[in-house]
């Protein structure tokens, strides 16, 4: 009986395929972020089931147009419940979006065509419809915790059809 062979990848040889998350430099680690900002959306967890619900409400530091943090270097001090991604947390968190570069690499999967490390273009995540650009309705300072249930959306846990393609649409 032979074991199943691992399918060859066009990405074999790149640092995210040759190094563990722990072996990556700080710059390599940061480059795994695709800039979608889905992780910066407020989430609710059902206490009975553990199910996570995304909202279209952003963290108070999220720039919804740029899909970036207004104060990335000081985010943990300014937002105490901001989760810093580490190799360990990436493997444990259940709410990272299915397209998350950190999650994909941790699972040994390839990055999507629109990831800036593949496309060479930081706008490709927006062009593919994966980012939160234009979809953040408010920030956590504008919506009370009690009202977050009224802002639950499904799209952050899904991928647009064009983002699932093996290559960019023509």
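Each value in this text was obtained by applying a stated rule to the coordinates, not by laboratory testing. Given the structure is predicted, the values throughout are model-derived calculations rather than measurements. Cβ: placed from backbone, ideal geometry, glycine included. Neighbour counts: every protein chain shown.
Could you grab the relative contact order for the chain? Cα pairs under 8 Å, six or more apart, rounded to a whole percent.
Here the relative contact order equals 29 percent.
Taking Cα pairs under 8 Å and at least six residues apart, what relative contact order does the range 80-142 come out at, in percent?
Computed over the range 80-142, the figure is 15 percent.
If neighbour count is taken as other Cβ atoms inside 10 Å, put 115, 151 in order from fewest to most.
Taking fewest neighbouring Cβ atoms as first place, the list is 151, 115.
Using only the Cα atoms of the range 64-125, what are the Rg and Dmax in Å?
Reported Rg and Dmax, both Å: 13.3, 34.
Can you bin the range 98-170 into rounded, prolate or oblate? Criterion: square roots of the alpha carbon gyration tensor eigenvalues sorted a ≥ b ≥ c, rounded for a/c under 1.5, prolate for a/b above b/c, oblate for the rest.
Prolate, because a/c is 1.5 or more and a/b exceeds b/c.
What base-10 log of the normalised intensity I(q)/I(0) is obtained for the range 11-170 from the Debye formula, alpha carbons as equal point scatterers, at q = 0.08, 0.11, 0.15 Å⁻¹?
The Cα Debye sum returns log10 ratios of -0.23, -0.44, -0.84.
Could you give the distance between the Cα centres of the range 25-89 and the range 137-152, to the whole Å?
16
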